[in-house]
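The values are calculated or read from the model by the stated rules, or taken from the named source; none is laboratory data. This structure is a prediction, so every number in the text was calculated from the model and none was measured. Positions of Cβ are backbone-derived with ideal geometry, glycine not excepted, and every protein chain shown enters the neighbour counts. These accessible areas exclude ligands, DNA and RNA; they are computed on the full protein's heavy atoms, side chains included. Shrake-Rupley method; radii C 1.70, N 1.55, O 1.52, S 1.80 Å.
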Amino acid sequence: MLLLLYLLTGLALLWLIGRFVRPVSWAAAAVLIAMPLAIVGAAVVTGGVYGPLDHSFQDEPLKAFGAQFGVTGAAKNASSIDIFSEFFPWRRMVQLSFARGEWPLWNPYNLAGHPLGAEVQSAPYLPFTWIACLLPAAVSLSYTAAIGLFIAAVGAFLFARELGCRESSALVAAAGWGFASCNVLYILTAMGMATVFLPLILLACARVVRHPGVASCAMLTVALSLTILAGHPESLFLNVIIGTIYALFELARNRATALRGIATACVAGALAFGICAISLLPLIEAIPQSSEFLLKGHMMGERSQRVSSAEVLANLATDLYPHLHLREWAQPKLGRIGAETAAVGSLLIALAVYAIFRRRSAETWFFAAVALFCMLAGARWSLIADAAMHLPLLEITMLHRLAFSAALFLVMLAALGVEEMLRRDDRTIAALAIAVVFAILGGGMLWLNRNVVLAITAADYGKYRVFAELFFPIVAIVLLAVKRVPMRVAMPLLLALVIGQRALTEIDTFPTFPAKAAYPELPLLEPLKNVREPFRLVGAATAFPPATNIFYGLEDPRGYDALTLDEFQRTYRLWCRRYGIWYNRVDDLTRPFLSMLNVRFAVQHESAPIPNGWHSVKVDRGARLIENEHVLDRVFIPRRVQPTGAHAMEIVDRMDDIRDFRELAYITSRDTLDFPENGPGLITLRSHRLGGEYRFDATMQREGWVVISECAWKGWRAYVDGERVPLRRANAAFLGIRVPAGQHAVRVVYWPSSFVTGRAITFATLLAIVIVAIVLRVRSRRA
């Protein structure tokens, strides 16, 4: 099924490209479809999981199952924790939303409830996500990796063709960008998926300037829309910056069409915004509510993104020597270097250098200048980092990710170099250029080996990189130097060398696991299947890390997400602590706030003592399931409430003294009326929809407040007997509803107006595009 989906998607995309962009020969199409399989082929062919699934087997309760799936030590590739902690569970939640026929708006499984569509990195509206959701969630990431690398290869191929390269030269660009270190490492993330569309944006920019009109406008609209829907606003911003720079370069060369080109680009941008409003408007509403926004704005405003001169040089070294990528430098002591790299391999760098001194065109010099600038930005050179601090939006943008753009421009230079070699038929000069670059890089590698000590950790990967960097250029030199080999044979072999070098360099970035390794059934959790009322579960210390819970249908107040409600994060000191830059870890299960959070169960190591107020439910394979004897219902009526206008930080300070949250709740309200006796009453929960809805009957002896321990992001609506009533924050970060005396039917649903408005704009834009397309088609036929 996985292989079939990949092949069908790839063929459909190639048909659309041939129909609307430019023809692609069958031979080139076959190579393009086969390229990603050099990296993810094992997973795609076997229907397995390509990704950091080994992280889930590092602790109880899954640790005991690791050996049967080949996980016996530390997880490989420590940098992939985001994929395991965010993108695996996000994909599962999007899949569940679609399966229930719901819009992907709310994720109840982490952080006590969280907007799903508004954080956008789950990419719920990207067409490739819809296709991936036909597969099991973990397996679907293998499809995402394959189709993402395919899009990268096709985009670079088309851009090279636009620059005048023949198909054989363009395939070199496809291999270089499709297997660039930045793409392979981040392809399972929103950042990686957004980055792969960069060559398509540049291609569209070139068309808009050179041939402004409906077709070029449509192409730019599609490229921008796909980048937006990929779900990484920062990468979108950087792509637009690079696209704008390239468009200005093209405008300078095509002044006759400048005004029409600018107008076409503006229309394309407006259409892309309209198409993606369903995603953008909820994001715009959610960002200011998040702690990440406040923290990032504060951090970036207080200090520059610059690093020391030694780190700048070390970062630049990773661009030239892929074996240094994400390795920890023990001497000099610089830590882990090169998360953002322009590495494309020694062979492509040599071909790029050949293009610079041999082709000598405005295009070549422009690409070289932008590549150098992006490499320096990626290395965080002080001159660029400090200048960015004084420009709007750039001060909160991680400019070092421009290293990814440098990789693309190096690849395009390499393709232009191959084209020039074929045009001039000077393979001897090309071989000499490769030899010179190889000698320089080889000398640098020798110096690094003598002067730099890399720490060896279990999480390291890339054991074939040094061999790949040295072996393939030597073969290429021999291949080009021996003129007995005709060029019609030498060119496919050169392409094979490029593919071989990059594939061997990146092939072990992520391991491949059988599909059955993705969250096997846990006997420890069997007792939870009989519990009908909503509850939450946590892991004590490092047990049952967040991200695994959603695959077992369990809600967890812990989590690791792109956006966290600021008020909710302020409650952390009442019940948890940050675990490095990862999730919020629970060490003390006796904290009263856990009961308020509806934490009924916990998983801990079997040897750990059972906390006071908890009792053992089941023990299995080194892990113990325990139950909280003081847990509060998800929807409850506190005995007393205290309305307050205080800030969340002050409310959290006051809650520090509460030992039983049944007794008192703080309601953030301007009302001065105090209810010494809240209610009392009875709550009968009728339904709890995981998509963000509660329906319950409230029987109140007198007017009072009902508290729901669900995070109070903007977008929640409350109805009492069908009439909408205002919502207030309860206990700093949760939902509070004021219910009159008597018996009432209450409905609380997450249905943000930003989504409603965005959906209307999106549908209206799509309808307008269809109408205009029909009108243009009719006029064309009449003409």
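Listed values, structure above:
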{"quantity": "Spans of helices (runs of 4 or more DSSP H) in segment 304-393 with at least 2 residues at pLDDT 90 or above and of a type in the set (S, T, N, Q)", "calculated": "309-320"}
{"quantity": "Criterion violated by ILE434 - all others in (1) open to solvent by 20 Å² or more (accessible area, probe 1.4 Å); (2) hydrophobic (A, V, I, L, M, F, W, C); (3) under 38 Å from the mean Cα position of the chain (by Cα) satisfied", "calculated": "(1)"}
{"quantity": "Looking only at segment 498-526, and only at residues there that are of a type in the set (D, E, K, R) and in a helix (DSSP H, G or I), the one that is most open to solvent (accessible area, probe 1.4 Å)", "calculated": "LYS516"}
{"quantity": "Residue among GLU234, GLU292, GLU250 that alone is surrounded by fewer than 17 Cβ atoms within 10 Å (Cβ to Cβ), closer than 30 Å to ARG207 by Cβ and in contact (Cβ under 8 Å) with a residue 40 or more places away in the chain", "calculated": "GLU234"}
{"quantity": "Qualifying residue in segment 85-102 (condition: acidic (Asp, Glu) and surrounded by fewer than 20 Cβ atoms within 10 Å (Cβ to Cβ))", "calculated": "yes"}
{"quantity": "Where ILE131 falls short, out of the listed (1) open to solvent by less than 10 Å² (accessible area, probe 1.4 Å); (2) assigned to a helix (DSSP H, G or I); (3) under 30 Å from TRP103 (Cα atoms)", "calculated": "(1)"}
{"quantity": "Answer residue from segment 467-497, given it is within 34 Å of the chain's Cα centre (by Cα) and among the small types (Gly, Ala, Ser) and is most open to solvent (accessible area, probe 1.4 Å) among those", "calculated": "ALA496"}
{"quantity": "Selection within segment 323-341 - farther than 22 Å from LYS76 by Cα and buried (at least 24 other Cβ atoms within 10 Å of the Cβ)", "calculated": "none"}
{"quantity": "Test: residue in segment 101-117 that is among the hydrophobic types (A, V, I, L, M, F, W, C) and out of contact with any helix residue (DSSP H, G or I) (no Cβ under 9 Å at 6 or more places or on another chain)", "calculated": "no"}
{"quantity": "Among the residues listed as VAL154, VAL120, VAL172, VAL139, the single one being in contact with a strand residue (DSSP E or B) (Cβ under 9 Å, 6 or more places away or on another chain), of a type in the set (Val, Ile, Thr) and buried (at least 22 other Cβ atoms within 10 Å of the Cβ)", "calculated": "VAL139"}
{"quantity": "Of residues in segment 378-393 being more than 22 Å from LEU326 (Cβ to Cβ) and small (Gly, Ala, Ser), the one least open to solvent (accessible area, probe 1.4 Å)", "calculated": "ALA388"}
{"quantity": "Selection status of ALA123, at pLDDT 95 or above and under 22 Å from ALA34 (Cα atoms)", "calculated": "no"}
{"quantity": "Spans of strands (runs of 3 or more DSSP E) in segment 709-757 with at least 1 residues free of Cβ contacts under 8 Å to residues at least 12 places away in the same chain, crowded, with 22+ Cβ neighbours inside 10 Å and aromatic (Phe, Trp, Tyr)", "calculated": "none"}
{"quantity": "Within segment 617-690, strands (runs of 3 or more DSSP E) holding 2 or more residues that are farther than 19 Å from PRO726 by Cα and open to solvent by 40 Å² or more (accessible area, probe 1.4 Å)", "calculated": "681-689"}
{"quantity": "ALA455, sole failed condition from (1) open to solvent by 40 Å² or more (accessible area, probe 1.4 Å); (2) in contact with a strand residue (DSSP E or B) (Cβ under 6 Å, 6 or more places away or on another chain)", "calculated": "(1)"}
{"quantity": "Filtered residues of segment 69-92 (kept if out of contact with any Asp or Glu (no Cβ under 9 Å at 6 or more places or on another chain), among the aliphatic types (A, V, I, L, M) and under 16 Å from GLY580 (Cα atoms))", "calculated": "ILE81"}
{"quantity": "Checking HIS114 against (1) at pLDDT 90 or above; (2) surrounded by fewer than 24 Cβ atoms within 10 Å (Cβ to Cβ); (3) not acidic (Asp, Glu), the condition it does not meet", "calculated": "(2)"}
{"quantity": "Scan of segment 32-66 for residues that are of a type in the set (A, V, I, L, M) and without any contact (Cβ under 8 Å) to a residue 12 or more places away in the chain, ordered by number", "calculated": "ALA34"}
{"quantity": "Enumeration of residues in segment 547-572 that are surrounded by fewer than 20 Cβ atoms within 10 Å (Cβ to Cβ), touching a residue at least 24 places away in the same chain (Cβ under 8 Å) and within 30 Å of ASN530 (Cβ to Cβ)", "calculated": "PHE551, TYR552, LEU554"}
{"quantity": "Count - residues of segment 255-271 that are small (Gly, Ala, Ser) and open to solvent by 60 Å² or more (accessible area, probe 1.4 Å)", "calculated": "2"}
{"quantity": "Residue list for segment 573-609, filter: assigned to a helix (DSSP H, G or I) and either surrounded by 22 or more Cβ atoms within 10 Å (Cβ to Cβ) or touching a Lys or Arg at 6+ places or on another chain (Cβ under 8 Å) (or both)", "calculated": "LEU574, PRO592, LEU594, SER595, MET596"}
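Residue-by-condition table, conditions (1) in contact (Cβ under 8 Å) with a residue 24 or more places away in the chain; (2) of a type in the set (Phe, Trp, Tyr); (3) over 16 Å from SER169 (Cα atoms):
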| position | (1), (2), (3) |
| --- | --- |
| SER346 | yes, no, yes |
| ALA350 | yes, no, no |
| TYR354 | yes, yes, no |
| ARG358 | yes, no, no |
| ARG380 | yes, no, yes |
| LEU393 | yes, no, yes |
| ARG401 | yes, no, yes |
| PHE404 | yes, yes, yes |
| ALA407 | yes, no, yes |
